[in-house]
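The values are calculated or read from the model by the stated rules, or taken from the named source; none is laboratory data. Keep in mind that this is a model prediction, so the values were computed, not measured. Cβ placement follows ideal geometry from the backbone for every residue including glycine, while neighbour counts extend to all protein chains displayed. Side chains are part of the model used for accessible areas, which takes the heavy atoms of the whole protein and leaves out ligands, DNA and RNA. Shrake-Rupley method; radii C 1.70, N 1.55, O 1.52, S 1.80 Å.
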Amino acid sequence: METISSANESIGKYRWTICALVFFATTVNYLDRSVISLLKSTLTEEFHWNDADYANTEIAFKLMYAFGMLFAGRLVDKLGSKMGYLFATLFWSFAAIGHAFVQSTMGFIVARAALGLTESGNFPAAIKSVAEWFPKKERALATGIFNSGTNVGAIIAPLSVPFIAEAWGWKWAFVITGSIGFVWIILWIVMYDRPEDHPKVTKEELTYINSDKEETAPSTQNERVSWFRLLTYRQTWAFALGKFITDPIWWFYLFWLPDFLESQYGLKGTAVSMPVAIVYVISTFGSVGGGWLPLRLIRNGWPVFKARRTSMLVYAIVVLPILLAQVAGGINMWLAVLVIGIATSAHQAWSANIFTTVSDMFPKKAVASVTGIGGMFGGLGGIMLTMLVQKNMFVYYRSINQIETAYFIMFCICAGAYLVAWFVMKALVPKHRVITDL
């Protein structure tokens, strides 16, 4: 292994180019879905929305995203990473641009539903691509890098969308951001293929990529794996419930952070750009660092499973100061931004590792399907949180001018979610076992 690793240091690192492409796609994915939160005030005036109307558009996105994730994973496993990713990006780019042509609240709900359905293909395709191109010990780092695209997309959005809307109108914000996906499609067609078939991959790099290849015959790699069979494994449920509990927290930051800053500090339009961008800049460190910590532990001799689980516990604990966000914000707004940024950073570190548990436990042929199942559960969790808590709570507390109470309740939920998820996952899978009978 030492020889392989040494060869890897000096010869052929095309897999990191692939990681960069997946990072680019994830950036575009989150840029497109972030646009609406930054235009909430503008669209509220244009279409006479209240918080319930905005929540309904959010629910439409999450509902179709959850539904789409289940089938996106299966479709990516069937079509392969190259074609599956290509079609997903093509269709979500059209859906993002389509927002510019709607003329009613119901039109926005339909447009958000279309975007949610098509954007669901990103993570199953991304995780499958990483599983194909990276050995297990590097997957958390690679996942952390491409997953930081969620932060970069969320950073680019506040630094561009309000200014585009102010200069040319809100419709152009959707058209311009949605069109970036077509640039990625060209690069993907030209540069991507499986490592076994790629002309730029050296024999040394291919050997390194396959250095811990699972015991699965090549002829079975593209076999269809039944959803019902996957649901019989505790490993599937550990991943799915972990996503169900923690994904809604990221949705909350993504869709409600600009509103929090407006409600608490009176920031509107371009004034919200810098604090929102800084939150996601901070979160980028967690996304990349989230893959670094388990890799460091593994290199120090820790088993992969123990390193992954210990790292996730650390990240769950780092989230806890979010409870003090409003207290800190009462002293200075930028302290609130810092505390929220640390929480989003810990979420991204958690996310990089929970995604990687799938490729740790399942053969490559099932990775996208299991990721899709987990993504569906994550979306359902987001829908339940929005319908049962956010939709009614924000309307009620805003009506009695106590919106800060609603945000305090949500920050309490954010603080505890990761520890609950960690203990649920530990209870379901107390010891590491790779699935070899699929």
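Things to note:
- Ranking Ile109, Ile354 from most to least accessible surface, computed with a 1.4 Å probe over the protein chains only, gives Ile109, Ile354.
- Carbon + sulfur, % of accessible area of the chain - ligands and nucleic acids excluded, 1.4 Å: 67
- Nearest-20 debye value, the chain charge dipole, Cβ charges on Lys, Arg, Asp, Glu: 1000
- In the chain, the DSSP-assigned H stretches of four residues or longer account for a calculated mean residue ellipticity at 222 nm of -26500 deg cm²/dmol, using -39500 (n - 2.57) per stretch and the full residue count as denominator.
- A simple rule links phi to the HN-Hα coupling: the Karplus curve 6.51 cos²θ - 1.76 cosθ + 1.60 with θ = phi - 60°, which for the stretch 73-78 gives x, 5, 5, 5, 4, 6 Hz, with x for Gly and Pro.
- The residues of the chain expose on average 39 square angstrom of accessible surface per residue, using a 1.4 Å probe on protein heavy atoms.
- Centroid-to-centroid separation of the stretch 39-109 and the stretch 166-188 [C-alpha atoms, Å]: 15
- Sequence ranges 250-257, 62-69, 429-436, ranked by mean other-Cβ count within 10 angstrom, highest first: 62-69, 250-257, 429-436
- Along its three principal directions, the equivalent ellipsoid of the stretch 48-161 from the Cα gyration tensor extends over semi-axes of 29, 17, 12 Å, largest first.
- For the listed peptides 303-311, 400-408, a ranking on the average number of other beta carbons within 10 Å per residue, highest first, reads 303-311, 400-408.
- When the square roots of the Cα gyration tensor eigenvalues are ordered a ≥ b ≥ c, the ratio a/c for the stretch 283-372 is 1.5 or more and a/b exceeds b/c, which makes its shape prolate.
- Centroid-to-centroid separation of the stretch 279-325 and the stretch 374-434 [C-alpha atoms, Å]: 20
- Modelled spin-label separation between Leu231 and Thr436, with each label point placed 7 Å from Cα along the Cα-to-Cβ direction: 2.8 nm.
- Debye, to nearest 20: dipole size of the stretch 80-149, +1 on Lys, Arg Cβ, -1 on Asp, Glu Cβ: 200
- Charge dipole (the chain, unit charges on Cβ, about Cα centre) - positive-most of Ala111, Phe305, Tyr396: Phe305
- Cα-based helix-to-principal-axis angle, 170-191 vs the chain, degrees rounded to 10: 10
- Working ranking of peptides 36-44, 340-348 by packing, defined as the average number of other Cβ atoms within 10 Å per residue, highest first, is 340-348, 36-44.
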